[in-house]
1. What does the charge count around residue 116 come to, taking other residues whose C-beta lies under 9 Å from its C-beta (Lys +1, Arg +1, Asp -1, Glu -1)?
2. Output the relative contact order of the chain, whole-number percent, from Cα pairs under 8 angstrom with separation of 6+ residues.
3. Express the carbon and sulfur contribution to the solvent-accessible surface of the chain as a percent, rounded to the nearest whole number, probe 1.4 angstrom.
4. Could you tell me which of the pairs 41/92; 70/105; 93/140; 49/70; 18/41 are separated by over 18 angstrom between their Cα atoms in the structure shown?
5. If you roll a 1.4 Å probe over the heavy atoms of the protein chains, what accessible area per residue do you get for the chain, in Å²?
6. Name the residue from 76, 39, 89 whose Cα lies farthest towards the positive end of the charge dipole of the chain, charges +1 on Cβ of Lys and Arg and -1 on Cβ of Asp and Glu.
7. For a test of the definition: using alpha carbon positions, the gyration tensor, and the 1.5 limit on a/c, classify the stretch 74-141 as rounded, prolate or oblate.
8. Please state the shape class of the stretch 11-141: rounded when a/c is under 1.5, otherwise prolate if a/b exceeds b/c and oblate if not, all from the C-alpha gyration tensor.
Amino acid sequence: MILLTLLMSKGCGSDKQKDITNTVVDYTANARGFYQRIVVKNQHYSVYKNRRDEQEAAIKDQLLSDADWKVLVDEFQKLKLQELSTYEAPTKKRFYDGAPHADLKITYHDSIYQSQTFDHGAPPAQIQKLIEKINQLVPKS
């Protein structure tokens, strides 16, 4: 009986953890004269600054530090992927060119989850820490 209880609890616990290893986290922000796309996959990231030539990355396939990866994994674990498309933007500056349009797309186990559009720099509260960490990967120019 004790062995069965241990096996069941161990199996249930692992179901709660989402595997981010093969997940693609894709953040894009753009406006007239501005484009930024950050793609994170398996402890690596790439940054694109030109929408016309997506093959040419400003930063290509860089390894994340263990500390940055841990933060991204922790924030990913908190996400409710099925609810991502329902999160509302706290501001609406993008409607009058006050901020670039941004969105988050996550490919997880062959399913794509996408946010509504929000202002770059003002994501919905539910994904704010994840978006802030992703944007910190881009060097200030």
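The values are calculated or read from the model by the stated rules, or taken from the named source; none is laboratory data. Owing to the predicted nature of the structure, the values given are computational and were not obtained by experimental measurement. Using ideal geometry, Cβ is built from the backbone for each residue, glycine included, and neighbour counts are taken over all protein chains shown. The area values use the complete protein model at the heavy-atom level, side chains included, leaving out ligands, DNA and RNA. Shrake-Rupley method; radii C 1.70, N 1.55, O 1.52, S 1.80 Å.
1. -2
2. 23
3. Exposed carbon and sulfur together represent 51 percent of the surface.
4. Pairs exceeding the cut-off: 41/92; 70/105; 93/140; 49/70.
5. Using a 1.4 Å probe on heavy atoms only, each residue of the chain averages 65 Å².
6. 89
7. It comes out oblate by the Cα gyration axes.
8. Judged from the Cα gyration tensor, the stretch 11-141 comes out oblate (a/c at least 1.5, b/c at or above a/b).
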